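Written below as structure tokens is the structure these notes are about.
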Amino acid sequence: MGRMESDCRIPMLCLRPRVLALHALFWGLVSLRVFGAALLSEEKTTVARPVTTPCWQMEEFVVAVECSRCNAFQSKSWAACIQTGYAERINCTKSNKDEYKSCRSTLMEEHLFWKFEGAMLGLTILFALVVVARQRSLDRLASEKVRRQIESI
């Protein structure tokens, strides 16, 4: 007879709460990053107006003024400011037109990143507590079972 091998493909090391929490954190970060990026990239629907295609979608352009926050008036009146609240002035090289293009600022990205990190830390702590509570519950059930077996002898 050959030696007995376990059908379990996961070593016991992987079932420790710390490792499980790290796995949950990693896959949570991956999934939220993917779904968060998909949600952030969706354009907000607005009232339909006849819109001409901006020159920067059809030709090369040069950024004239870097990405900056729109003021209250610009946020309501410029189409470029509606989506993210930030816009940059660009110059299309072929037609030599100045237009405004929506952009994402590094400050906004950093703020979103830290909100995401905070949410992930909170979820990690929550699920670590759930794992510890579940483990204590299972330990209690196991010790009760052993106590009943000893009493029946």
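The values are calculated or read from the model by the stated rules, or taken from the named source; none is laboratory data. Note that the coordinates shown come from a computational prediction; the quantities given were computed from them, not determined experimentally. The protein model used for the area step is the full one, side chains on, heavy atoms only, and it has no ligands, DNA or RNA in it. Shrake-Rupley method; radii C 1.70, N 1.55, O 1.52, S 1.80 Å.
Given N residues in the stretch 66-153, what is its alpha carbon radius of gyration divided by 2.2 N^0.38 Å? The partial results should precede the final answer.
On the way: Rg = 28.5 Å, N = 88, 2.2 N^0.38 = 12.1 Å.
For the stretch 66-153, the normalised Cα radius of gyration is 2.36.
Which value, in Å³ per residue, describes the convex hull spanned by the Cα atoms of the stretch 106-153?
Numbers: hull volume 1.3 nm³, N = 48.
It is 28 Å³ per residue.
Would you kindly find the accessible area of residue 81, with a 1.4 Å probe and non-protein molecules such as ligands, DNA and RNA excluded, rounding to the nearest 10 Å²?
We get 0 Å² for residue 81.
Counting alpha carbon pairs within less than 8 Å and at least 6 residues apart, what relative contact order, in whole percent, applies to the stretch 56-136?
Working: 91 pairs, mean separation 19.8, N = 81.
Relative contact order, the stretch 56-136: 24 percent.
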